[in-house]
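Throughout, read-outs are computed from the coordinates displayed, never taken from laboratory work. What you are looking at is a predicted structure, and each value in this text was computed from that prediction instead of being measured. Please note: Cβ atoms are built from the backbone with ideal geometry, for glycine as well, and neighbour counts cover all protein chains shown.
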Amino acid sequence: MPVLNSSTSSPNPIHVIWAMALKDIKSSLTERAFMITSIIIPINFLLLFLLFALTGGQAPTAVVLKDNGPYAQQFLSAMEHSHSFIIQQTTASNAQKLMQLGRIVAIVTVPNNFDLALKNGNQVELPVVINNLHVDFTNDIRRAVPLAITSFYANAFPQQVVIKAHEVDAYSQDTDYVQYLVVSLMVVSVMLGGLLQAGSNAAREYEKGTIKELILAPASLWAIQTGKVLGALVLNSLPVAVALIVIVFLIGVWPMHWNELLGFILLLMLTFVAAGTLIGTLVRRQQAVIPLSIGLSIPIFFISGAFGPATWGDPITAIVAQLQPVYYGIAVFQHAFHNFTTTSTGPSVDGFILVGFAVAMVAGSTIALRSGRLRGVAR
């Protein structure tokens, strides 16, 4: 790099930034294995948690209708619109086979006297067989079946049910489990990609010994670190673009505010790339960057409101969540995608907080590099 020499004159900071960015991009492209890894890991993280969400949203349930009267059909409709079941109407024998094969969690049987008993005002017993090996699905069934019965009865016999819930929604549209979760996964994908790519670039300088030239050069450390952050931003744009394509075009979750989303993506990329640069500067080994990045991302992901606003959970966890940027990243992404406000501060303040995290990360990585200059050596 001609701009980073040991002459007494200080090189132009713009030249330093440009040279550092190009150098890191070229170096990363020559190490294709690590480059591919930095792309695959965030996408795998997204897909694995998405599969988890797809298998855990609603309980697969078989309904055996032994009565085809209007009340029986109305009860089936109540179950189908309860947002708790994946309904499969079938025969009793086939339902047992599905239960044995593990394809359904419960069998709900509507008896053959269902309509007649209701017309005569008699009590009706509704058999529900549950495969209670999965406690979450079991509890879902135990809650959802009584709610479906209540909903059916309130609509079928409104004169007998004098209390009826009046729902007032805070938002104009419902958002299912997958739609909410993939937005959170987008944030952690940006985080993982930034930590891996920037951390690798910074650690490579120590492994190859080129860090000594950077430390002893008369160039501004701010310019050096800014260049490294810029190079990592360019490299990290590929996995981020792939994750966005998967979410928008394959899963079908379309943002409501595109301009806001793209701005927050750039801000989050800057924050996590700067954090990755700091990690690489501290650990100084590329092989240590991968486990450390994953080890940081997973617990932060779970406490930051990935499955619902963090403030809905344990108060201590909520306080801890607000001390790191993923919490605010999820909040601004949920607003950009769904127009949700999941924090008390709101998306504008959350954005300013993320700017503060980005500045702090860049400053921290520069301070770490300056400590090496003060010692005059790079270990």
**Fill in**
Leu323 neighbourhood, Cβ < 15 Å, K/R = +1, D/E = -1, net charge -2
**Message:** Just to confirm my numbers, what's the Cα centroid distance between region 89-123 and region 208-253 in Å?
**Reply:** 58
**Prompt:** So what's the gap between the Cα centers of region 141-162 and region 269-316, to the nearest angstrom?
**Reply:** 45
**Asked** Which value, in debye to the nearest 20, gives the size of the charge dipole of region 59-156 about its Cα centre, when Lys and Arg are +1 and Asp and Glu are -1 at the Cβ?
**Response** 120
**Fill in**
Among (1) 144; (2) 165; (3) 214, the value of volume of the Cα convex hull per residue in Å³ computed for this structure carries the label (2)
**Asked** Considering only the other residues whose Cβ falls under 14 Å of the Cβ of Leu278, what net charge follows from Lys and Arg at +1 and Asp and Glu at -1?
**Response** +2
**Asked** For a paramagnetic label modelled at 7 Å from the Cα of Ser371 toward its Cβ, which residues of region 269-300 fall within the zone defined by backbone nitrogen distances under 13 Å?
**Response** 278-284
**Item:** Pair Asp136, Ile43: separation of 7 Å Cα→Cβ label points (nm)
**Value:** 2.6
**Complete:** Those chymotrypsin sites (Phe, Trp or Tyr not before Pro) from region 123-176 that are DSSP loop and have at most 15 other Cβ neighbours within 10 Å turn out to be Tyr171
**Item:** Likely footprinting exposure, Lys228, Lys208, fewest C-beta neighbours within 10 Å first
**Value:** Lys208, Lys228
**Asked** If exposed GluC sites (Glu not before Pro) are those in a DSSP loop with at most 12 other Cβ within 10 Å, what is the longest stretch of the chain that has none?
**Response** 168-379
**Request:** Give the angle, between 0 and 90 degrees and rounded to the nearest 10, that separates the Cα long axis of helix 346-375 from the longest principal axis of the Cα atoms of the chain.
**Result:** 30
**Request:** Only residues of region 275-296 count here: report those whose backbone N is under 17 Å from the spot 7 Å along Cα→Cβ of Ala33, or say none.
**Result:** 285-291
**Inter-label distance for Glu80 and Ile298, nm, one decimal - labels placed 7 Å from Cα along Cα-to-Cβ** = 4.2
**0 to 90° range, to nearest 10: angle between helix 177-208 axis and the chain longest Cα axis** = 20
**Request:** Measure off 7 Å from each Cα along the Cα-to-Cβ vector at Val359 and Ile149, then give the distance between these two points in nanometres to one decimal.
**Result:** 6.0
**Prompt:** Mind checking the dipole of the chain: about its Cα centre, +1 per Lys or Arg Cβ, -1 per Asp or Glu Cβ, Debye to the nearest 20?
**Reply:** 1520
